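Trainee: One structure coming up, written as structure tokens, with questions to follow.
The values are calculated or read from the model by the stated rules, or taken from the named source; none is laboratory data. Keep in mind that this is a model prediction, so the values were computed, not measured. Virtual Cβ from ideal backbone geometry, glycine too; neighbours counted across all protein chains shown. We work out accessible area using only protein heavy atoms, side chains counted, and drop any ligands, DNA or RNA first. Shrake-Rupley method; radii C 1.70, N 1.55, O 1.52, S 1.80 Å.
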Amino acid sequence: MLETVKYLIGSAGASGFGSRSTGEEVTAAAPDLGSITAIITGATSGIGAETARVLAMRGARLVLPARSLKAAEETRARIQAACPGADVIVLPLDLSSLSSVRCFVARFLALRLPLNLLINNAGKFSHEHAVSEDGVEMTFATNYLGHFLLTKLLLPKMAETASETGIQGRIVNVSSSIHGWFSGDCLRYLDLMTRKKIRYDATQAYALSKLANVLHTKELTGRLERMDADVTANCVHPGIVRTRLTRDREGLVTDLAFFLASRLLKTIPQAAATTCYVATHPRLAGVSGKYFADCNEASPSSSASSPREAARLWRASESMTAPRFGLEPAFPSDNPGEEM
């Protein structure tokens, strides 16, 4: 009850910020970001667009990957109108396609730019069952697996940039508190869902993908430490906000639900605050492997806290993203006791 009251009134936590803080407010103490190059997925609307605007306002060079180049060009125009002189680069990327992820990384590396900041923000909520071109359920493929491969392929560049510039790199994975709605064997559920062996549940599919984001952060942190890379990885819950994520379910019922919940919803500038805080605030130098909500460290679900499950998901993800020459991706056995 106390936490709910704090949320509603925007009470500041240990960081000095709370649920009503905005992206501009939490970056006010950040050093000038003129030496920072940031990749932000899902930046053509909503929280991602506001995150991009705030970072550009603070001087960062932005690389905006997008499936719709038209939408990305419109975003670039809006940012440059608000922040004259902002350096914004647009490149094509469809996160549901592993080949598109590889093409994006090749294009980015060809630019010979540094990379200090990677914000894995893009999200999709598929109301109907769909499978990606790589044979993976679409929500999982877009929200998690594409970001997993993107991060893995960009890690050498991030480590190199940190070493050469002395500026610590940061990876921010945008998850959701909804990750706690999923419990059970992640990989088995994904396999059964992808092959339509169980009824498709859009909410559970979304929760699974967001749980995978948190587990990814946990395992990634350990691997960065073993690489001795001066790069941190953290995960954030931005809060509940009406964005284009619900664009294919507009209507009276949706409008009424959001109206009734309006006291609990954040504005987009408020929803972008936690991402901006974790991405830029000096206080978080060296902080890695944590989960943040309302610009303060929080506790993820028990399912998201298992090192064993994080390592298991990583191994499965490596298998699913490995070039397979047209073969179906590898999934765990139907035997729930068998690991990959």
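Trainee: Ignoring everything except DSSP H segments at least 4 long, calculate the 222 nm mean residue ellipticity for the chain; use -39,500 (n - 2.57) per segment, divide by total residues, nearest 500.
Mentor: After summing the helix terms and dividing by the residues of the chain, the value is -13000 deg cm²/dmol.
Trainee: Still on this structure: For ARG226 and ALA81, what is the calculated FRET efficiency with R₀ set at 41 Å and r taken between the beta-carbons, to the nearest 0.05?
Mentor: 0.40
Trainee: In debye, nearest 20: dipole of the chain around its Cα centre with unit charges on the Cβ of K, R (+) and D, E (-)?
Mentor: For this selection, approximately 340 debye.
Trainee: Determine how many Å³ per residue the convex hull of the Cα atoms of segment 119-172 encloses.
Mentor: In segment 119-172, the Cα hull volume divided by residue count equals 62 Å³.
Trainee: GNM on the chain, C-alpha springs below 10 Å: top fluctuator among LYS157, LYS197, LYS124?
Mentor: Evaluated over the chain, the most mobile residue of the options is LYS197.
Trainee: Right, next: Express the C-alpha Rg of segment 36-145 as a ratio against the empirical globular expectation 2.2 N^0.38 Å, rounded to two decimals.
Mentor: Normalised Rg, Cα atoms only: 1.07.
Trainee: Something else now. Give me the percent of accessible area attributable to carbon and sulfur for segment 73-114, probe 1.4 angstrom.
Mentor: Answer for segment 73-114: carbon and sulfur cover 56 percent of the accessible area.
Trainee: Spin-label point model (7 Å from Cα, Cβ direction): what's the TYR200 to HIS129 distance in nm?
Mentor: 0.7 nm
Trainee: Efficiency by 1/(1 + (r/R0)^6): what FRET value for SER302 and ALA14, r their Cβ-Cβ distance, R0 = 25 Å, to the nearest 0.05?
Mentor: Working from the Cβ atoms, E equals 0.65.
Trainee: Also: Could you state the orientation-averaged shadow area of the convex hull built on the Cα atoms of segment 145-247, in nm² to one decimal?
Mentor: 8.0 nm²
Trainee: For all pairs of alpha-carbon atoms in segment 263-320, what percent lies in each bin of width 5 Å, listed from the first bin to the last filled one?
Mentor: Per 5 Å bin, starting at 0, the Cα pair percentages come out as 4, 14, 19, 16, 17, 16, 10, 3, 0.
Trainee: Among THR151, SER183, THR41, whose Cα sits farthest toward the positive end of the charge dipole of the chain (+1 at Cβ of Lys/Arg, -1 at Cβ of Asp/Glu, about the Cα centre)?
Mentor: In the chain, that residue is THR41.
Trainee: What list of ³J(HN,Hα) couplings, whole Hz, do you get for segment 120-136 from phi and the Karplus terms 6.51, -1.76, 1.60, once you set θ to phi - 60° and write x for glycine and proline?
Mentor: 3J(HN,Hα) across segment 120-136, in whole Hz: 8, 9, 4, x, 9, 10, 8, 6, 10, 5, 8, 10, 6, 5, 9, x, 10.
Trainee: Then there is this: Taking 0.36 nm per intervening residue step and subtracting the Cα-Cα distance, what contour gain separates ALA322 from LEU113 on full extension?
Mentor: Taking 0.36 nm per residue and subtracting the Cα distance, the gain is 72.6 nm.
Trainee: Let me ask something else. Let a ≥ b ≥ c be the square roots of the eigenvalues of the Cα gyration tensor of the chain; is it rounded (a/c under 1.5), or, if not, prolate (a/b larger than b/c) or oblate?
Mentor: Rounded is the answer for the chain, as its axis ratio a/c remains below 1.5.
Trainee: Search the structure for amide H atoms under 5 Å from the amide H of ALA12, placed 1.01 Å from N in the peptide plane, and list their residues when 5 or more places away or on another chain.
Mentor: Those qualifying (amide H under 5 Å, at least 5 residues apart or on another chain) number zero.
Trainee: For a protection proxy built on the mean count of beta-carbon atoms within 10 angstrom, sort 75-82, 129-136 highest first, please.
Mentor: 129-136, 75-82
Trainee: Then there's this: How much accessible area per residue does the chain have, counting only protein heavy atoms and a probe of 1.4 Å, in square angstrom?
Mentor: I get 44 Å² per residue for the chain.
Trainee: Just for the Cα atoms in segment 31-96, what are the lengths along the principal axes, largest first, rounded to whole Å?
Mentor: For segment 31-96, the Cα extents along the three principal axes come out at 35, 20, 18 Å.
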